[in-house]
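Written out below as structure tokens is the structure these notes cover.
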Amino acid sequence: MKHKMLVSGVTLLSAVLVLGACGSSGDKKGSKEKKSVEIDLSDRYELDPSTPAWQLDKKEEVTELTWYVNADWWNDEWGKDVVTKQIEKDLNVKIKFIKGDDTNLNTMFSSNDMADIVTVFDSNSQVARKADSWAYSLDDLAEKYDPYWNEVAAEDTMNWFQLSDGKTYGYPDYSNTADDYESGLIPANTNFLIRKDVYEALGEPDFGKPDEFLQTLNDIKEKYPDLIPFGFNAFGDSAGSLGDVFQDFLGVDLETTDGEFYNRNLDEEYLSWLKTLRQAHEDGNISDDSFSDDGTAFEEKVKSGQYATIMAGGTAQMSGFMQSWLTQDKEAQYIGIDGPQSSQGNEPKLNQSGITGWMINYISKTCKEPAKAMQLFTYLQSEYGGVLTTFGVEGETFQYDNEGKIELLPEVQKIKDDEADRYKKEYRLSEFIFFGHDKYQGMASESMQTPALIQPREWGEGKLYPHFILENISPDPGTQEARNLTAIDTNWYTTLVSLIRSDSEEEFDQTVEAYKNFLDENGWQDIVTIRNEKMQENKEKLGIE
């Protein structure tokens, strides 16, 4: 599941005004101030680095914790579904969820009435950057209350989220490390798709070279005049799937030979393929509607099989639409093929969820029971917790098949297929995602997978490539460089459309030059300097030479 598509990152710029009152020891807030709690474990359990503390804790009283989630769409029910019932049973804990938006978050900080656990969505926000002023270090909590945390937390992720004091305060969901990329459990999420019936009818043609690509699109137009020969994800406030997604597919380098920032938009191989798309547009094989279609229009065309081929980014998010089409015509289902290729022989460098993840979870310094909160973090981050939140309870919701893969029990699968609302309410599988991870989907049997995604994901095996060095390298929000970058990004999206719709290669080249001039006029070199510095910091965090 790719939850990043659901909501944009939170800027929380105003929160910096109130962070000073979030619990640093020197702050004075009168009667409102709450002090950190020290938990006496002497009558509860002895620390054991090899055993999760929740399995040792003899505390009989139910622990009640508050958990703030900065998203008003969050399901704040507790104890009514399989997942949260089991968490409550295992840890003897009850959670009261509080959900809200930036205004609610700022109010919570300014009033110093902090929830025990806090989840935000932007690792670059002031809330995250100043976490040492209001949240516990997870390193310290693990040492005091649950050293087993160090067995389940990814070292690279902990290093990635370290603040300047060398400690880590927040931990995310969907944080993929280099080991995760190499494991083979994380599915590719980028594909060049073609309708199976079209592919076979044309003799399984190649798309690898520009002339092959153009010829095959012309063949499609001639044989299937009712289809759109080539489609791509909606542009909106991005370059759709024709920007970095296409660059990844072509294996465009992530950095220069000197290890510095590389403007992939001006890569010669990439620009050559954009010229090929320009010719495809001139040939009538790219519809002008594709540049103005929103996400819904794109989805409807996928659901009805209107595209013959698609440069697709986020195939997981497209799974429902691809499955709708497969259900209508199995022989015409979308399949992944090699598609356009690098003339230099570069292999695809497909990106997936990065190491930054999405939801970032913190334990506040005013947490009434930091030992139990740390146990909860360890529990959810462990494989046991990951399997529970993804598949439920063995024997109650799932079983292992002969190959050791997980499959839902037939009666649960039927409810999932036929009664979606009931399934969501009673089971809540793959929704309690605070410490979720793509790797758990790799444990599922084929019967649990969306049929439309099986073949495209098989095509993508071995083609993922970490893009960690490029994460969080933009200028800090509120700076002139950040404002310039926003203008440059917007200019690039419109430039990309203009390049493909150019009337001639001469006009194409002129548009590229205009883009270069725009970069120069908007402080591009200052942005590159910042990105180089942040790329170096990323490499140091991850131990990359």
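From D503, D418, which residue is modelled with pLDDT of 95 or more and not basic (K, R)?
Details: D418 fails: modelled with pLDDT of 95 or more.
Sole residue among the options that is modelled with pLDDT of 95 or more and not basic (K, R): D503.
Show the residue pairs that are 6+ apart or on different chains and have beta-carbon atoms under 7 Å apart, the first residue being within segment 523-545 and over 19 Å from N124 (Cβ atoms), the second being among the acidic types (D, E) and part of a helix (DSSP H, G or I).
G523/E481
Is it true that some residue in segment 428-437 is open to solvent by less than 30 Å² (accessible area, probe 1.4 Å), modelled with pLDDT of 95 or more, within 20 Å of Q317 (Cβ to Cβ) and of a type in the set (V, I, T)?
The answer is yes; a qualifying residue exists.
For segment 168-204, which positions are touching an Asp or Glu at 6+ places or on another chain (Cβ under 9 Å), surrounded by fewer than 18 Cβ atoms within 10 Å (Cβ to Cβ) and within 17 Å of K221 (Cβ to Cβ)?
D197, L202
Can we say D219 is open to solvent by 30 Å² or more (accessible area, probe 1.4 Å) and under 20 Å from A452 (Cα atoms)?
Numbers: open to solvent by 30 Å² or more (accessible area, probe 1.4 Å): yes; under 20 Å from A452 (Cα atoms): no.
No.
For segment 225-252, enumerate the residues that are open to solvent by 50 Å² or more (accessible area, probe 1.4 Å), modelled with pLDDT of 95 or more and over 22 Å from E347 (Cβ atoms).
Applying the first criterion (open to solvent by 50 Å² or more (accessible area, probe 1.4 Å)) to segment 225-252 yields 225-226, 236-237, 244.
With modelled with pLDDT of 95 or more added as a condition, the list becomes 225-226, 244.
If the condition is that a residue be open to solvent by 50 Å² or more (accessible area, probe 1.4 Å), modelled with pLDDT of 95 or more and over 22 Å from E347 (Cβ atoms), then P225, D226 are the ones that fit.
Read through the list (1) touching an Asp or Glu at 6+ places or on another chain (Cβ under 6 Å); (2) closer than 30 Å to S324 by Cβ; (3) of a type outside the set (K, R), then give the number of the only condition that M374 fails.
Here M374 clears every test but (2).
Farther than 22 Å from D211 by Cα and either modelled with pLDDT of 95 or more or over 25 Å from the mean Cα position of the chain (by Cα) (or both) - does that describe any residue in segment 276-289?
Here is the first cut: in segment 276-289, the residues farther than 22 Å from D211 by Cα are 289.
Pick out the ones that are also either modelled with pLDDT of 95 or more or over 25 Å from the mean Cα position of the chain (by Cα) (or both) and you get 289.
Looking for residues that are farther than 22 Å from D211 by Cα and either modelled with pLDDT of 95 or more or over 25 Å from the mean Cα position of the chain (by Cα) (or both), one finds at least one in segment 276-289, hence yes.
Do we find a residue being open to solvent by 50 Å² or more (accessible area, probe 1.4 Å), farther than 30 Å from Q536 by Cα, free of Cβ contacts under 8 Å to residues at least 24 places away in the same chain and outside any loop (DSSP other than H, G, I, E, B) anywhere in segment 402-412?
yes
If I filter segment 443-492 down to residues being within 20 Å of the chain's Cα centre (by Cα) and on the phi > 0 side of the Ramachandran plot, which single residue comes out as surrounded by the fewest Cβ atoms within 10 Å (Cβ to Cβ)?
Among residues in segment 443-492 that are within 20 Å of the chain's Cα centre (by Cα) and on the phi > 0 side of the Ramachandran plot, the one surrounded by the fewest Cβ atoms within 10 Å (Cβ to Cβ) is G462.
Residues are listed down the side, and each one gets a yes or a no for (1) part of a helix (DSSP H, G or I); (2) among the aliphatic types (A, V, I, L, M):
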{"position": "T495", "(1), (2)": "yes, no"}
{"position": "D503", "(1), (2)": "no, no"}
{"position": "A514", "(1), (2)": "yes, yes"}
{"position": "D520", "(1), (2)": "yes, no"}
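For segment 133-148, state whether one or more residues are open to solvent by 10 Å² or more (accessible area, probe 1.4 Å), among the hydrophobic types (A, V, I, L, M, F, W, C) and under 30 Å from K94 (Cβ atoms).
No, every residue in segment 133-148 fails to be open to solvent by 10 Å² or more (accessible area, probe 1.4 Å), among the hydrophobic types (A, V, I, L, M, F, W, C) and under 30 Å from K94 (Cβ atoms).
Going through segment 261-277 one residue at a time, which ones are among the aromatic types (F, W, Y), touching a helix residue (DSSP H, G or I) at 6+ places or on another chain (Cβ under 9 Å) and outside any helix (DSSP H, G or I)? Steps first, please.
Step one: filter segment 261-277 for residues among the aromatic types (F, W, Y), giving 261-262, 270, 273.
This time we only want the ones that are touching a helix residue (DSSP H, G or I) at 6+ places or on another chain (Cβ under 9 Å), so: 261, 270, 273.
Matches in segment 261-277: F261 only.
Among the numbered conditions (1) within 22 Å of E204 (Cα to Cα); (2) at pLDDT below 95; (3) charged (D, E, K, R), tell me where E347 comes up short.
E347 satisfies every listed condition except (2).
Mind checking whether some residue in segment 101-113 is open to solvent by less than 10 Å² (accessible area, probe 1.4 Å), over 26 Å from the mean Cα position of the chain (by Cα) and modelled with pLDDT under 95? Break it down stepwise before answering.
Step one: list which residues in segment 101-113 are open to solvent by less than 10 Å² (accessible area, probe 1.4 Å), which gives 105, 109, 112.
Subsequent filtering for residues that are over 26 Å from the mean Cα position of the chain (by Cα) retains 109, 112.
The next check asks that each one be modelled with pLDDT under 95; those that pass are 109, 112.
Scanning segment 101-113, I find at least one residue that is open to solvent by less than 10 Å² (accessible area, probe 1.4 Å), over 26 Å from the mean Cα position of the chain (by Cα) and modelled with pLDDT under 95, so the answer is yes.
Report the residue count in segment 359-379 for those that are open to solvent by 10 Å² or more (accessible area, probe 1.4 Å) and in contact with a Phe, Trp or Tyr (Cβ under 7 Å, 6 or more places away or on another chain).
1
Quick one: in segment 334-356, which of the residues that are closer than 22 Å to E255 by Cα and not polar (S, T, N, Q) is surrounded by the fewest Cβ atoms within 10 Å (Cβ to Cβ)?
So in segment 334-356, the residues closer than 22 Å to E255 by Cα come out as 340-356.
Filter once more, keeping what is not polar (S, T, N, Q): 340, 345, 347-350, 354-355.
Working: P340: 21, G345: 7, E347: 12, P348: 23, K349: 20, L350: 21, G354: 21, I355: 27.
So the residue we want is G345.
What about T390, is it open to solvent by 10 Å² or more (accessible area, probe 1.4 Å), polar (S, T, N, Q), part of a loop (DSSP other than H, G, I, E, B) and at negative phi?
Numbers: open to solvent by 10 Å² or more (accessible area, probe 1.4 Å): yes; polar (S, T, N, Q): yes; part of a loop (DSSP other than H, G, I, E, B): no; at negative phi: yes.
Judged against the criteria, T390 is not a match.
Name the residues in segment 522-545 that are in a loop (DSSP other than H, G, I, E, B) and open to solvent by 70 Å² or more (accessible area, probe 1.4 Å), would you? So that I can check it myself, show each step before the final result.
Our first condition is that a residue be in a loop (DSSP other than H, G, I, E, B); within segment 522-545, this holds for 522-523, 543-545.
Result: I544, E545.
Taking the options A280, A297, name whichever one is surrounded by fewer than 19 Cβ atoms within 10 Å (Cβ to Cβ) and either hydrophobic (A, V, I, L, M, F, W, C) or assigned to a helix (DSSP H, G or I) (or both).
Values: A280 fails: surrounded by fewer than 19 Cβ atoms within 10 Å (Cβ to Cβ).
Result: A297 is the single residue among A280, A297 that is surrounded by fewer than 19 Cβ atoms within 10 Å (Cβ to Cβ) and either hydrophobic (A, V, I, L, M, F, W, C) or assigned to a helix (DSSP H, G or I) (or both).
How many of the residues making up segment 352-387 are part of a helix (DSSP H, G or I), more than 18 Å from the chain's Cα centre (by Cα) and closer than 14 Å to W149 by Cα? Spell out the reasoning first.
Quick first cut of segment 352-387, residues part of a helix (DSSP H, G or I) only: 370-381, 383-387.
Still in the running and more than 18 Å from the chain's Cα centre (by Cα): 370-380, 383-385, 387.
Among the residues that remain, those that are also closer than 14 Å to W149 by Cα are: 370-380, 383-385.
Summing the residues that are part of a helix (DSSP H, G or I), more than 18 Å from the chain's Cα centre (by Cα) and closer than 14 Å to W149 by Cα in segment 352-387 gives 14.
The values are calculated or read from the model by the stated rules, or taken from the named source; none is laboratory data. No experiment lies behind these values; they were computed from the predicted model shown. As a convention, Cβ positions derive from the backbone with ideal geometry for all residues, glycine included, and neighbour counts pool all protein chains shown. Calculation scope for accessible area: heavy atoms of the full protein, side chains included, ligands and nucleic acids excluded. Shrake-Rupley method; radii C 1.70, N 1.55, O 1.52, S 1.80 Å.
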